[in-house]
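Chemist: My questions all concern the structure below.
The values are calculated or read from the model by the stated rules, or taken from the named source; none is laboratory data. Computed from a prediction, not measured in an experiment: that's the story for all the values here. Here the Cβ is made from the backbone with ideal geometry for all residues, glycine too, and neighbour counts use every protein chain on show.
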Protein chains: 2
Amino acid sequence: MADQVITLSDVAAAAGVSLSTASKALNGTDRISDATREHVRVTADRLGFRHNALARSFARGRSQTIGVLTHRASNPFTRVVLATAATELGAKEQAILLYDARMEEQHDVNESILQLRARRIDGVIVIGTSTSFRTPSFTSRFDVPVINAFTVPEDPRDTTITADDHAIGRLAISHLLSNGRRRIAHLTAEPHDMAAQRRAEGAEQLLAEAGLEWAAPVRFGRWREEWGEQAATDLLTEVPDVDAIFCGSDAIGRGVERVIRASGRQVPGDVALIGVDNWESLMHDQRGTRHLTTIDVGLEEIGRRVANRLLEGDLEPGVEYVEPHVVMADTV
Amino acid sequence: MADQVITLSDVAAAAGVSLSTASKALNGTDRISDATREHVRVTADRLGFRHNALARSFARGRSQTIGVLTHRASNPFTRVVLATAATELGAKEQAILLYDARMEEQHDVNESILQLRARRIDGVIVIGTSTSFRTPSFTSRFDVPVINAFTVPEDPRDTTITADDHAIGRLAISHLLSNGRRRIAHLTAEPHDMAAQRRAEGAEQLLAEAGLEWAAPVRFGRWREEWGEQAATDLLTEVPDVDAIFCGSDAIGRGVERVIRASGRQVPGDVALIGVDNWESLMHDQRGTRHLTTIDVGLEEIGRRVANRLLEGDLEPGVEYVEPHVVMADTV
DNA sequence: CGGGTGAGCGAAAGCGGTTTCGCATATCAC
DNA sequence: GTGATATGCGAAACCGCTTTCGCTCACCCG
């Protein structure tokens, strides 16, 4: 059913105007009388004309394509940002060209950059793995706009949109306090992990503002379920009357919960739990009941904003933080 | 540092040949002497020449872009398929243009198809939400190859790559049997859900082949953690000596596990648990310890194959199933 | 009434490749 | 030695649109 495709000159001929007039009429560029413009538009519609996007891109020198550099696209967080950005871009007729794991090896990087240039991409999105690691700066290596997502920028002149770990810590404590908890502990990941650190700092800050202290020193360990179990076991021995635990991630939270329950305590009756990541949303995107109360760091929002900022073109240097939000469930 | 870009005619001039000769030499098309070909190649390299991908696409009428239609890109399963397919395609210089949620409303569908045609996309990937729902067939609506992923095809002439629910059921039971379990129960989702049904059938079939029966009738409910709790509670009352539970999903498995432990039973000592989905891989992509033993349905493999089949171009009608595999952890 | 101004439109030059076609030369069979 | 066939290369058309530039004509002002 492809028939032969209608080109702009078909439209021009049918409308009795020149090719250039037809082009300008449809694009709204240059001076064209309203009458002519309208006439061309109607004719184009009648014929079912569509611009050949390829020809157009070629003539304009812009590809309607955004290059995306990921450290590792299989990372679950990266996937969320990637999928939302791609959705947002697709809605605006922008394709994406994904280069995964090409940011390391010098040779690959250079090669990738050359390829992206040859494609005449309109912009670049660099997606980091988390706010724990910096991603090398690519801003100066392209002559098109570059925006970073979910990472800590290496160069202060970079434009970055990322999660607000400090606010996450504050929000977690704020939520627990508003639920009347006072003997709060924090079990989290590696002490040298930037995200873990900043969350702990934010939390401690809000705690101090409320005139409180941790029920026990913050325990740093790993981002894993089993660490949650181990840390919670120790914690219960040390502070049996703890009434809330801020878990550095949902994975840790799962381990913690198991130990709390095994100790005969009720969740959230005796001990409230709050995690970070909104892990369950990675399983159930439908609305509906959830289990672990958690904080959503705003990955989807990051993806959306990154796409839109890039298209709007107003890239100011600096870091823009996305506000986290609490996802209510059964454990607080 | 963009300088002025090197074009093919620059190369031709520098090599002392005509534009057409340079083109053919670099593309390996048409008859060109080895000496000339080599000379042109060397010259191109020396000058740092790269084809302008836009011009090339335009001239060839092929865009190096694959259209992707998703029912809902925010679905976690969809995201996995999408991200792996995009990675695979990116490695082969193919961009993707994502049209999310445009498969429903008739108007949107038609419009989207027209847009994709205008883009001269080279192929289409349609990603379904699960093997529970059919996705409308788009094969005949494009004049480029169309391939379906993670769905049950509506039209037998469609090409589809998807998960093998029957094999998943068999694999779960097989794994439990090989661990010496004999009193096995199955707690799963909606009875009219195709995926749930086929998993149950596969499981029951293997059980029968082993001369066994379910320790209790299969309980159908919902794909949720809370349903797992409820179903497990009932199950323990009915069959206190059950020694293994095949959970229809990891979410259900989580609920089940909590109840089993709360009853004082050991996991996996008294009761072994196996789920489906490899939920934890959505959190930790790193290797490392996991908690719930589960079956990976092969979403990444689906994404990879879909991308490669499309590029290879050998699309045979019919359904190709991806083999599931067990992901070992602590609960079996 | 003449010269200046600006609005509306068309001719044509790209954009940077691919591809068809034809020509000249070399190769071959008889 | 002659006609048929192959080989290597270049000229030029073409892909479909954007954009510059210049022309024409109507209008306004002095």
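Chemist: Of B:Arg219, B:Arg287, B:Arg224, B:Arg258, which residue is over 23 Å from the mean Cα position of the chain (by Cα), charged (D, E, K, R), at pLDDT below 95 and on the phi < 0 side of the Ramachandran plot?
Modeler: Values: B:Arg219 fails: at pLDDT below 95; B:Arg287 fails: over 23 Å from the mean Cα position of the chain (by Cα); B:Arg224 fails: over 23 Å from the mean Cα position of the chain (by Cα).
Going through B:Arg219, B:Arg287, B:Arg224, B:Arg258 in turn, just one is over 23 Å from the mean Cα position of the chain (by Cα), charged (D, E, K, R), at pLDDT below 95 and on the phi < 0 side of the Ramachandran plot: B:Arg258.
Chemist: Another one. Tell me, please, whether a residue that is within 13 Å of chain A (Cβ to nearest Cβ), in contact with a strand residue (DSSP E or B) (Cβ under 8 Å, 6 or more places away or on another chain) and in a helix (DSSP H, G or I) can be found in the stretch B:262-279.
Modeler: yes
Chemist: Determine which single condition B:Arg120 fails, assuming it passes every other condition in (1) within 14 Å of chain A (Cβ to nearest Cβ); (2) free of Cβ contacts under 8 Å to residues at least 24 places away in the same chain.
Modeler: Tallying (1) within 14 Å of chain A (Cβ to nearest Cβ); (2) free of Cβ contacts under 8 Å to residues at least 24 places away in the same chain, B:Arg120 fails exactly one: (2).
Chemist: Just one of B:Leu89, B:Leu82, B:Leu54, B:Leu97 is under 19 Å from A:Thr70 (Cα atoms), without any contact (Cβ under 8 Å) to a residue 40 or more places away in the chain and facing chain A (nearest Cβ under 8 Å); which is it?
Modeler: Just one listed residue meets the conditions, B:Leu97.
Chemist: If I go through the stretch A:7-50 residue by residue, how many of them are surrounded by 18 or more Cβ atoms within 10 Å (Cβ to Cβ), within 6 Å of DNA strand D (Cβ to nearest atom) and within 14 Å of chain B (Cβ to nearest Cβ)?
Modeler: Total meeting the criteria: 1.
A quick yes/no check of all residues on (1) within 10 Å of another protein chain (Cβ to nearest Cβ); (2) in a loop (DSSP other than H, G, I, E, B); (3) of a type in the set (D, E, K, R):
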{"position": "A:Val242", "(1), (2), (3)": "no, yes, no"}
{"position": "A:His291", "(1), (2), (3)": "yes, yes, no"}
{"position": "A:Glu320", "(1), (2), (3)": "no, no, yes"}
{"position": "A:Val332", "(1), (2), (3)": "no, yes, no"}
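Chemist: Can you find a residue that is touching a residue at least 60 places away in the same chain (Cβ under 8 Å) and part of a strand (DSSP E or B) anywhere in the stretch A:175-184?
Modeler: Yes, because at least one residue in the stretch A:175-184 is touching a residue at least 60 places away in the same chain (Cβ under 8 Å) and part of a strand (DSSP E or B).
Chemist: Being of a type outside the set (A, V, I, L, M, F, W, C), on the phi > 0 side of the Ramachandran plot and in contact with a Ser or Thr (Cβ under 9 Å, 6 or more places away or on another chain) is true for just one of A:Gly48, A:Gly16. Which residue is that?
Modeler: Values: A:Gly48 fails: in contact with a Ser or Thr (Cβ under 9 Å, 6 or more places away or on another chain).
Going through A:Gly48, A:Gly16 in turn, just one is of a type outside the set (A, V, I, L, M, F, W, C), on the phi > 0 side of the Ramachandran plot and in contact with a Ser or Thr (Cβ under 9 Å, 6 or more places away or on another chain): A:Gly16.
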